[in-house]
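Comments concern the structure below.
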Amino acid sequence: MTDVVHIRHITEADWDGIVAIESRAYAGLGLSEGRAALRSRAEISPGTCFVLDVGSGPAGYLLALPYPALRYPDLARTEEAVVPPQPAPAPATRNLHLHDIVVEEGLRGRGLGQRLLHHFTLTARARGYERISLIAVGRSDTFWSARGYTAHPGISPGGYGANAVYMSRAVPTDLGAQPEPTGVVPRGPSVPTKRADPRVPCP
């Protein structure tokens, strides 16, 4: 048996599901932001925020927004437009901040997070961004290092928990074969995956 997988932009009807997924992932870590903050970040750059549908409903999401290099969202407040959004190919900042990526726990280990991350990276390149930044939390910096991200030791991200690391990488020019945003994934038990940071995709 297989489930249809589809990556698409966020709609108004998705927010209850996104908030529920986010709360399950982060409430226990003290990193849950709540609906207002999540929505405010998506509203800055709706073209770089996505929902991952598996079967009949949302199974994950990704939020990314333009941010000046070496800066990052404050989890304790809603987003203010640091720079007004501009249409591609000339974004107001050449840095795109990958703020959040979550796949439902029961569906991890099937390559869904990697598919979502690849789709996002293609979008960043198509829109003219030159770098992608993120904050690795819960000692997940080794995961991101393996995917080409480099730590900036002089930056200490406040509010993101112990061991948070600000990282970035250049947007790759050659991304290889592209998994289709729409496709199928086998049903059944996922490969058990334990990560300190549920914000990272589980391949």
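The values are calculated or read from the model by the stated rules, or taken from the named source; none is laboratory data. These numbers come from a predicted model, not from an experiment. So basically every Cβ, Gly included, is an ideal-geometry build from the backbone, and we count neighbours across all protein chains shown. Heavy atoms of the whole protein, side chains included, go into the accessibility calculation; ligands, DNA and RNA do not. Shrake-Rupley method; radii C 1.70, N 1.55, O 1.52, S 1.80 Å.
Among residues of segment 22-45 that are of a type in the set (Asp, Glu), those with a beta-carbon under 8 Å from a residue that is open to solvent by less than 60 Å² (accessible area, probe 1.4 Å) and assigned to a helix (DSSP H, G or I) at least six positions away or on a different chain give the pairs GLU22/LEU38; GLU33/GLU22; GLU33/TYR26.
Screening GLY111 on (1) touching a residue at least 60 places away in the same chain (Cβ under 8 Å); (2) farther than 20 Å from ARG94 by Cα; (3) touching a Lys or Arg at 6+ places or on another chain (Cβ under 9 Å); (4) not charged (D, E, K, R) shows it passes everything except condition (3). The conditions of being open to solvent by less than 20 Å² (accessible area, probe 1.4 Å) and either part of a strand (DSSP E or B) or among the charged types (D, E, K, R) (or both) are not met by GLY47.
Let's see how each residue does on (1) modelled with pLDDT of 90 or more; (2) farther than 20 Å from ARG24 by Cα:
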{"residue": "SER45", "(1), (2)": "yes, yes"}
{"residue": "SER56", "(1), (2)": "no, no"}
{"residue": "ALA59", "(1), (2)": "yes, no"}
{"residue": "LEU65", "(1), (2)": "yes, yes"}
{"residue": "ALA69", "(1), (2)": "yes, yes"}
{"residue": "TYR72", "(1), (2)": "yes, yes"}
{"residue": "PRO85", "(1), (2)": "no, yes"}
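For first residues located in segment 148-166 and touching a residue at least 60 places away in the same chain (Cβ under 8 Å), partners that are part of a strand (DSSP E or B) and surrounded by fewer than 17 Cβ atoms within 10 Å (Cβ to Cβ) and lie 6+ apart or on another chain with Cβ distances below 8 Å form the pairs TYR166/ALA151.
Residues in segment 104-157 that are part of a loop (DSSP other than H, G, I, E, B) and of a type in the set (Phe, Trp, Tyr): 2 in all.
In this structure, ALA177 does not satisfy being exposed (fewer than 14 other Cβ atoms within 10 Å of the Cβ), at pLDDT 85 or above and not basic (Lys, Arg). Flag not set for ALA164, criterion: touching a Lys or Arg at 6+ places or on another chain (Cβ under 9 Å), open to solvent by less than 40 Å² (accessible area, probe 1.4 Å) and at pLDDT 90 or above.
Inspect all residues belonging to segment 90-99 and state whether any of them is under 15 Å from SER168 (Cβ atoms), open to solvent by 40 Å² or more (accessible area, probe 1.4 Å) and at pLDDT 95 or above. Scanning segment 90-99 turns up no residue that is under 15 Å from SER168 (Cβ atoms), open to solvent by 40 Å² or more (accessible area, probe 1.4 Å) and at pLDDT 95 or above. Put simply, of PRO189, PRO198, PRO157, PRO172 the only residue that is modelled with pLDDT under 75 and surrounded by 13 or more Cβ atoms within 10 Å (Cβ to Cβ) is PRO198.
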